[in-house]
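S.K.: Just dropping this structure here.
The values are calculated or read from the model by the stated rules, or taken from the named source; none is laboratory data. This is a predicted model, so every value here is computed, not measured. Here the Cβ positions follow ideal geometry from the backbone for every residue, glycine too, while neighbour counts run over all protein chains shown.
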Amino acid sequence: MDPYFQVEVLAWTLDPQTLIWQAMHQDYSEHYVFDEEPPTETDAGDLVIRHLLKGGRGHYGPLEHPSISFAVGGFPHSVMQQARTHRVGVSFDVQSMRYTGQRICAVAQGQLPLEAAFYLRPVGEYTNRQGKKYSYTKYLRDCDLIACRNAATRYANQISAGMSEEHARGTLPFDYRQNFVVSFSLRALMHFLDLRAKADAQAEIHTMCELLMPQFQAWTPALAAWYSTTRWGKARLAP
């Protein structure tokens, strides 16, 4: 795994499985759910699976109540671009290359490793979208590294000459690294994983999903276990 890829939790709803149970329970309870004693967090998870998710019942509305926020760091711009296409139940704040080009200048000045600011795939065997195999050799990667360094130098020179950051960034390689914050409802998180953890997803965003999963498991253990068994990597239509 790329050493610069990071996913950490910033905040999450406490007792999320209990909250889902309370929302679900209010749908059919004659009583005011606030006045009812809820089950334990563990029992709530089991009840949600049994009465809401098991057997493909498909009533996912109660999953929209709890939310989780992640800091995502070091991923290439292409991952942010793909991730940001998912807007329902999801909110993004993304490191702007209008204000945060100092790391590119630091690369040009030898103060930061080149690959801390630019992402290139590792040497290896790959398949294109048409199914044709090709080799990404060390020679090809070294040429791309040279191109990234030259682009960083050009960017730094343009900034020094007074050019605006949004103008100078136009000649940077597409996959400069970009940090962002993303918040999901639980339903949106499952939707995102359905679409981006499938086998034919871009490798880098698939890795992001792999890093999201341990946090998902720590947050809602029962529901994450159910998801891992029934939906993870199966490319089912997202609910």
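S.K.: For segment 35-74, enumerate the residues that are closer than 24 Å to residue 181 by Cβ and charged (D, E, K, R).
M.R.: 64 - this is the single residue of segment 35-74 that is closer than 24 Å to residue 181 by Cβ and charged (D, E, K, R).
S.K.: If only one of 125, 210 is part of a helix (DSSP H, G or I), under 26 Å from the mean Cα position of the chain (by Cα) and not basic (Lys, Arg), which one is it?
M.R.: On the way: 125 fails: part of a helix (DSSP H, G or I).
Checking each option against the conditions leaves just 210.
S.K.: Continuing with this model, one more query. Consider only pairs whose beta carbons are under 9 Å apart and that are at least six residues apart or on different chains; among these, list those whose first residue lies in segment 133-144 and is more than 17 Å from residue 115 (Cα to Cα) and whose second residue is among the polar types (S, T, N, Q) and assigned to a strand (DSSP E or B).
M.R.: Listed pairs, sorted by first residue: 133/127; 134/127.
S.K.: Given the criterion assigned by TED's automatic domain parsing to the domain that holds residue 44 and not polar (S, T, N, Q), identify the matching residue among 140, 195. Spell out the reasoning first.
M.R.: Numbers: 140 fails: assigned by TED's automatic domain parsing to the domain that holds residue 44.
Being assigned by TED's automatic domain parsing to the domain that holds residue 44 and not polar (S, T, N, Q) holds for just one of 140, 195, which is 195.
S.K.: Are there any pairs, at least 6 apart or on different chains, whose C-beta atoms fall under 6 Å, with the first in segment 108-127 and within 19 Å of residue 95 (Cβ to Cβ) and the second among the β-branched types (Val, Ile, Thr) and surrounded by 11 or more Cβ atoms within 10 Å (Cβ to Cβ), and if so, which?
M.R.: Close Cβ pairs (under 6 Å, with a partner that is among the β-branched types (Val, Ile, Thr) and surrounded by 11 or more Cβ atoms within 10 Å (Cβ to Cβ)) amount to 108/153; 114/107; 117/104; 117/107.
S.K.: Just to be sure I understand the filter: pairs with C-beta atoms under 8 Å, separated by 6 or more residues or on different chains, first member in segment 51-69 and assigned by TED's automatic domain parsing to the domain that holds residue 190 and in a loop (DSSP other than H, G, I, E, B), second member among the charged types (D, E, K, R) and surrounded by 12 or more Cβ atoms within 10 Å (Cβ to Cβ). Which pairs pass?
M.R.: Note: pairs meeting the criteria are 60/187.
S.K.: Since residue 187 meets every condition but one in (1) surrounded by 19 or more Cβ atoms within 10 Å (Cβ to Cβ); (2) of a type outside the set (A, V, I, L, M); (3) not assigned by TED's automatic domain parsing to the domain that holds residue 17, which condition does it not meet?
M.R.: Residue 187 satisfies every listed condition except (3).
S.K.: For segment 162-203, how many residues meet the condition of being more than 17 Å from residue 90 (Cβ to Cβ) and in contact with a Phe, Trp or Tyr (Cβ under 8 Å, 6 or more places away or on another chain)? Give the derivation first.
M.R.: So the first thing to find is which residues in segment 162-203 are more than 17 Å from residue 90 (Cβ to Cβ), and the list is 162-177, 198-200, 202-203.
Filter once more, so that each one left must be in contact with a Phe, Trp or Tyr (Cβ under 8 Å, 6 or more places away or on another chain): 165, 168-169, 171-173, 175-177.
The number of residues fulfilling the criteria is 9.
S.K.: Restricting the search to segment 80-101, which residues are touching a strand residue (DSSP E or B) at 6+ places or on another chain (Cβ under 8 Å) and surrounded by 14 or more Cβ atoms within 10 Å (Cβ to Cβ)?
M.R.: Taking segment 80-101 and keeping what is touching a strand residue (DSSP E or B) at 6+ places or on another chain (Cβ under 8 Å), we get 80, 83-84, 89-95, 97.
Once the filter is applied, which keeps residues that are touching a strand residue (DSSP E or B) at 6+ places or on another chain (Cβ under 8 Å) and surrounded by 14 or more Cβ atoms within 10 Å (Cβ to Cβ), segment 80-101 yields 80, 83, 89, 90, 92, 94, 95, 97.
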